[in-house]
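Notes follow the structure.
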Amino acid sequence: MKGEGTPILFEAGGGNDGSVWNNILEKIHKVTGTTLITYDRSGFGQSELNPNLENDSDFGIENGITELETGLSKLGFNDEIILVSHSYGGLYNLLFTRKHPKKVKTVILIDAVLSNFWSEELLTIRDMHVDISAIPKPSGDYYMNFNFNEIMRFVRNMQFPENTVVTNVFPENSSLGFPEPLANRWKKLHEDLGNQKNNISNIIAKGSGHAVFQDNPALITNTIIKAYIETLNKDQQNMVLKKALDNAIQLSIDSKVNNRSEHDLNTLGYSYLGNEELDKALEIFKLTTTLFPDSFNAYDSYGEALLKADKKEKAIKMYEKSIELNPENENGKAVLRQLKEE
């Protein structure tokens with residue numbers, strides 16, 4: 001989808017093609033107006049296998065990066081870019097960023113395969129359950145599985161450059177069919193990634209499975225839009241924020257039945273609050289209490305914004321409502337006590 005501004009490249013997960021992103025592209029393009037790029041890796045979707053490669057081992061992930069670079073060059077995108085990936089595609093984001101650290105503006109990982117997940121022990125267990133001979137050859141799926149172990153050894157413990165801003169989205173319910181100990185390992189590594197790296201922030205997708213962009217498109221759409229906005233200068237940000245606000249409201253209404261967009265709106269509200277745009281922040285937080293009247297956190301956040309806007313009486317009412325919904329809201333109780341003592 002053609003546009004103007006820093007392009008956003010989407011990497012599908014292992015065994016998938018670019019079509020998996022179709023349900024979120026239009027809303028992202030409508031708000032950002034930038035170029036969005038999806039593609040099928042060789043041997044998947046509409047992409048044939050590279051006829052110039054001879055050996056099975058030639059079809060590894062390094063060749064995949066080379067083919068990606070060739071494709072981007074032919075499209076004329078040789079400068080700055082934003083990367084989004086799901087699952088196995090996260091390793092493509094990792095390698096591309098390490099190779100072109102000055103080109104990558106920001107990265108959004110969606111339940112990505114992390115470089116330190118596949119230990120030798122786990123690869124041995126995987127070999128016991130994956131029969132390569134049963135996968136049709138030649139095919140992208142065959143070559144991905146044939147090279148899987150070497151790929152995981154190659155990327156093991158690689159890190160994103162410290163200057164690269166990364167948003168790591170992972171679901172609370174992701175297991176990828178793993179037994180519980182492996183599912184817990186997967187989740188802990190994701191938690192540790194954001195906790196231990198200053199350049200990486202975590203977002204937990206409540207109520208979602210592995211394909212977060214399908215289970216909770218509002219969260220992913222707004223996360224990508226927010227990351228894009230943060231790469232712009234102040235004047236450009238102001239142009240996009242109004243569209244982002246309208247989009248967040250619509251997404252929240254669309255998905256209210258699943259109660260999954262409260263986090264999205266709350267994040268947007270605090271973004272406005274941080275930029276001292278109080279009127280916009282108040283509008284968002286008020287909307288959140290309307291759409292999610294049973295959320296104590298919505299009223300707590302609205303109360304905080306009202307305080308910043310010097311609307312003490314209204315803030316007290318919001319904190320009282322928050323505590324009524326959740327008597328264990330200790331932060332709200334502390335703020336309320338202080339307000340009533342003043």
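The values are calculated or read from the model by the stated rules, or taken from the named source; none is laboratory data. These figures come from a predicted structure and were not determined experimentally. Virtual Cβ from ideal backbone geometry, glycine too; neighbours counted across all protein chains shown.
Observations on the model:
- Within the range 51-101, the set of residues being in contact with a Phe, Trp or Tyr (Cβ under 8 Å, 6 or more places away or on another chain) and assigned to a strand (DSSP E or B) comprises Ile82, Leu83, Val84, Ser85, His86.
- Taking (1) basic (Lys, Arg); (2) over 24 Å from Leu189 (Cα atoms); (3) over 21 Å from the mean Cα position of the chain (by Cα) in turn, Lys102 satisfies each apart from (3).
- Scanning the range 142-160 for residues that are modelled with pLDDT of 95 or more and polar (S, T, N, Q) turns up Asn145, Asn147, Asn149, Gln159.
- Where helices (runs of 4 or more DSSP H) fall entirely within the range 295-342, none has at least 3 residues that are touching a strand residue (DSSP E or B) at 6+ places or on another chain (Cβ under 9 Å) and acidic (Asp, Glu).
- Qualifying residue in the range 226-247 (condition: in the same structural domain as Gly269 (by TED's automatic domain parsing), of a type in the set (Lys, Arg), in contact (Cβ under 8 Å) with a residue 24 or more places away in the chain and in a helix (DSSP H, G or I)): yes
- The set of residues from the range 37-72 being over 13 Å from Phe96 (Cβ atoms) and without any contact (Cβ under 8 Å) to a residue 12 or more places away in the chain comprises Glu48, Pro51, Asn52, Leu53, Glu54, Asn55, Asp58.
- The range 161-190: number of residues that are touching a residue at least 12 places away in the same chain (Cβ under 8 Å) and either assigned to a helix (DSSP H, G or I) or of a type in the set (D, E, K, R) (or both): 8
- Evaluation of Ala183 against the conditions (1) under 17 Å from Thr97 (Cβ atoms); (2) of a type in the set (Gly, Ala, Ser); (3) out of contact with any strand residue (DSSP E or B) (no Cβ under 7 Å at 6 or more places or on another chain) shows that the sole unmet condition is (1).
One line per residue, one yes/no per condition, for (1) acidic (Asp, Glu); (2) at pLDDT below 90; (3) under 15 Å from the mean Cα position of the chain (by Cα):
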position: Glu162; (1), (2), (3): yes, no, no
position: Phe178; (1), (2), (3): no, yes, no
position: Lys197; (1), (2), (3): no, no, no
position: His210; (1), (2), (3): no, no, yes
position: Asn216; (1), (2), (3): no, yes, yes
position: Lys226; (1), (2), (3): no, yes, yes
position: Asn247; (1), (2), (3): no, yes, no
position: Gln250; (1), (2), (3): no, yes, no
position: Val257; (1), (2), (3): no, yes, no
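- Arg41 fulfils the conditions (1) among the basic types (Lys, Arg); (2) surrounded by 21 or more Cβ atoms within 10 Å (Cβ to Cβ); (3) assigned to a helix (DSSP H, G or I) except for a single criterion, (3).
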